[in-house]
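Colleague: This structure is in structure tokens; I'll ask about it shortly.
The values are calculated or read from the model by the stated rules, or taken from the named source; none is laboratory data. If you're wondering where the values come from, they're calculated on a predicted model, not measured in any experiment. In this analysis, Cβ positions are derived from the backbone assuming ideal geometry, glycine residues included, and neighbour counts consider all displayed protein chains. When the accessible area is computed, the model is the full protein with side chains, heavy atoms only, and any ligands, DNA or RNA have been set aside. Shrake-Rupley method; radii C 1.70, N 1.55, O 1.52, S 1.80 Å.
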Amino acid sequence: QVQLVESGGGLVQPGGSLRLSCAASGITFTIYTMGWYRQAPGKQRELVASITSGGNTNYADSVKGRFTISRDNAKNTVYLQMNSLKPEDTAVYLCNAKAGIVNRWGQGTQVTVSS
């Protein structure tokens, strides 16, 4: 059974940092494109960053230069390092695993940026 378990969310002040983790099980992790999405109240879910099986990365314009996605294939884990956080980064962050027609989601972790 596929499981994606996020961790690392929380409350942080503007300008602060957080690192999110997503541990995957039940999939052949190395073949999947892994992504982080976020959804704020009243807004559509949006892609934050993704990383392919080959290590190619893609970022939303709003997070370029502040966020970094990485993966550790030995640990079946994808990370999102978030620096210089802004109040507008407040959202539920969800992990996604995609390969062909397979598309899996985690339950999400809340990130709140507030003073």
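Colleague: For the chain, report the accessible area per residue in Å² (1.4 Å probe, heavy atoms, rounded to an integer). Intermediate values should be presented prior to the final figure.
Modeller: Numbers: 6060 Å² over 115 residues.
Using a 1.4 Å probe on heavy atoms only, each residue of the chain averages 53 Å².
Colleague: Please list 56-66, 74-84, 104-114 highest first by mean number of surrounding beta-carbon atoms within 10 Å per residue.
Modeller: Working: 56-66: 13.0, 74-84: 18.4, 104-114: 16.7.
Final packing ranking: 74-84, 104-114, 56-66.
Colleague: Can you work out ³J(HN,Hα) from phi for every residue in the stretch 29-35, in order, using Karplus 6.51 cos²θ - 1.76 cosθ + 1.60 and θ = phi - 60°, giving whole Hz and x for Gly and Pro?
Modeller: 3, 5, 8, 8, 7, 9, x
Colleague: I would also like to ask the following. Rounded to whole Hz and in sequence order, give me ³J(HN,Hα) for the stretch 78-95 from the Karplus expression 6.51 cos²θ - 1.76 cosθ + 1.60, θ = phi - 60°, writing x for Gly and Pro.
Modeller: 10, 10, 9, 8, 10, 10, 6, 5, 10, x, 6, 7, 4, 4, 8, 9, 10, 8
Colleague: Length gain on complete extension for the stretch residue 25 to residue 45, per 0.36 nm per residue less the alpha carbon to alpha carbon distance? Working shown, then result.
Modeller: Working: separation 20, 0.36 × 20 = 7.20 nm, distance 2.36 nm.
So the chain would gain 4.8 nm between residue 25 and residue 45.
Colleague: Follow-up question, since we're still on this one. Can you classify the chain as rounded, prolate or oblate using the Cα gyration tensor, where a ≥ b ≥ c are the square roots of its eigenvalues, rounded means a/c under 1.5, and otherwise it's prolate if a/b beats b/c and oblate if not? Walk me through the numbers on the way to the answer.
Modeller: Working: a/c = 1.80, a/b = 1.67, b/c = 1.08.
Taking the square roots of the gyration eigenvalues as a ≥ b ≥ c, the chain is prolate.
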